[in-house]
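Here's the structure we're looking at; comments come further down.
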Amino acid sequence: MGAARFMTGMLLLFMALSSGVRSCPPSDRAALLAFRAALHEPYLGIFNSWTGADCCHNWYGVSCDQETHRVADITLRGESEEPIFERAHRTGYMTGYISPAICKLPRLSSIIIADWKGISGEIPRCITTLPFLRIVDFIGNRISGSIPADIGRLQRLTVLNFADNQISGTIPASLANLTSLMHLDLRNNLLSGPIPRNFGSLRMLSRALLSGNRLSGPIPGSVSLIYRLADLDLSRNQLSGLIPQSLGKMAVLSTLNLDFNKLSGPIPVSLFSSGISDLNLSRNALQGNIPDAFGPRSYFTALDLSYNNLKGAIPKSISSASYIGHLDLSHNHLCGKIPLGSPFDHLEASSFVYNDCLCGKPLKPC
């Protein structure tokens, strides 16, 4: 009987100790509560579950490492199909700021605070001291200030998304040190200055989305060294100079958007015999003829060269392209007869208007 009681007591003690070990440390819990205190979410009650001693258990948007029981991920999305959003029949809205208290979570691997529309303040500078960070996603808020100058310290970072905010200043040169980065999205901010010359050091990058800023200067030739890059969007900036010929020699580049810039000079011949399928060079100051370099490798779901200073005839080789879905050559200085056959037989007049002297179907007869 005594032995049974002893064993029962030991088992209860073991269970109490093990549950204590499995819960998150008080320091992580305190950091999360300080983070929550800087935010105000009035409609959904997403922080209502942030109660009790164990922040690893049923705290909405928080997950912990199974071995260390330290907070590893904070995932708070303002647009979601989770039940809490379905019941409220609305997307999320949150105000306040991102507290530096998150930097007291030393094992943090990902922090996603996305699409809350009203969160302002600056990116905590101390975020660069979190050595295990892989994902930082603050898209769709009202965050201002600049990108931390030493962002390049985050050697494990694979995703950096600051899109749709009010971030200003320049792109830090240290960004090029993020050699594990695969997804970079800085769209629709107030960033100015040049794209770092050593941008091509980001060898793992597959998407670089920098559109809708105030970036100036040339497109760095080093971009063509990023052999995994599939999607490059530099549109709606103030970039100038020539389009690097080497962009057309990139192995997996399929989308190249350079529209609404101040780029000049000729269109590189290489772009028309590359793997690029979505090419937008519209609304620049490009000059010369459209290269007569189309062939069976030319496959374009969309090709937009409108609003430039292109002259001469539409090249005959364009008919040898394997496919062109959407084509826009309007608002240039092109002249001569529009070729017959594919892809011209399915295009409307709007693809050719406002040129000097183009003629033939779908415009007036020659």
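The values are calculated or read from the model by the stated rules, or taken from the named source; none is laboratory data. If you're wondering where the values come from, they're calculated on a predicted model, not measured in any experiment. Cβ coordinates were reconstructed from backbone atoms using ideal geometry, including for glycine residues, and neighbour counts include every protein chain displayed. We work out accessible area using only protein heavy atoms, side chains counted, and drop any ligands, DNA or RNA first. Shrake-Rupley method; radii C 1.70, N 1.55, O 1.52, S 1.80 Å.
In the full protein assembly as shown, how much of R203 is accessible to a 1.4 Å probe, in Å² to the nearest 10?
We get 100 Å² for R203.
So what's the angle, to the nearest 10 degrees on a 0 to 90 scale, between helix 2-22 and the longest Cα principal axis of the chain?
Its long axis makes an angle of about 30 degrees.
Highest GNM mean-square fluctuation, the chain, Cα pairs closer than 10 Å: which of R107, R153, R90?
Judging by the Gaussian network model, the answer is R90.
Rounding to the nearest 10 and keeping the result within 0 to 90°, find how far the Cα-based axis of helix 26-37 lies from the longest principal axis of the chain.
Around 50 degrees separate the two axes.
Quick check on the range 38-139: take the gyration tensor over C-alpha atoms, sort the square-rooted eigenvalues as a ≥ b ≥ c, and tell me if it's rounded (a/c under 1.5), prolate or oblate.
On the way: a/c = 1.89, a/b = 1.27, b/c = 1.49.
Oblate.
Count neighbours as other Cβ atoms within 10 Å of each site's Cβ, and list the chymotrypsin sites (Phe, Trp or Tyr not before Pro) in the range 221-296 that are DSSP loop with at most 15 such neighbours. Provide the component values of the computation, followed by the final result.
Numbers: sites: Y227, F260, F272, F294; in loops: Y227, F260, F294.
For chymotrypsin sites (Phe, Trp or Tyr not before Pro) across the range 221-296 that sit outside H, G, I, E and B with at most 15 neighbouring Cβ atoms in 10 Å, the list reads Y227.
Based on the alpha-carbon gyration tensor of the range 208-301 and its eigenvalue square roots a ≥ b ≥ c, which shape applies: rounded if a/c is under 1.5, prolate if not and a/b is larger than b/c, or oblate? It would help to have the intermediate numbers written out before the result.
Values: a/c = 1.67, a/b = 1.23, b/c = 1.36.
Oblate, since a/c reaches 1.5 and b/c is not below a/b.
Work through the residues other than D185 whose Cβ is under 11 Å from its Cβ and net out their charges, Lys, Arg +1 and Asp, Glu -1.
Details: positive: R187, R207; negative: D137, D164, D231, D233.
Here the count lands on -2.
Let me know the Kirkwood hydrodynamic radius for the range 30-96, please, with Cα pairs as the basis and the value in Å to one decimal. Show your work: numbers first, answer last.
On the way: mean 1/r = 0.0779 Å⁻¹.
One over the average 1/r among Cα pairs gives 12.8 Å for the range 30-96.
Over the range 10-145, what percent of the accessible surface lies on carbon and sulfur atoms, probe 1.4 Å?
On the way: 3770 of 6770 Å².
The C+S portion of the solvent-accessible surface of the range 10-145 is 56 percent.
Taking all pairs of different Cα atoms in the range 129-219, averaging 1/r and flipping that mean, what Kirkwood radius in angstroms comes out? Write out the running numbers ahead of the final one.
On the way: mean 1/r = 0.0770 Å⁻¹.
With all distinct Cα pairs of the range 129-219 included, I get 13.0 Å.
When the gyration tensor of the range 179-244 is built from Cα positions, what are the square roots of 5 times its three eigenvalues, in whole Å, from largest to smallest? Could the numbers behind the result be given before it?
Details: eigenvalues 66, 38, 18 Å².
After scaling each eigenvalue by five and taking roots: 18, 14, 10 Å.
Shape of the chain from its Cα gyration tensor (a ≥ b ≥ c, root eigenvalues): rounded if a/c is under 1.5, otherwise prolate when a/b > b/c, or oblate?
Prolate, since a/c reaches 1.5 and a/b exceeds b/c.
Can you pull the Kirkwood radius for the range 210-366, inverse mean 1/r over Cα pairs, to one decimal in Å?
15.7 Å
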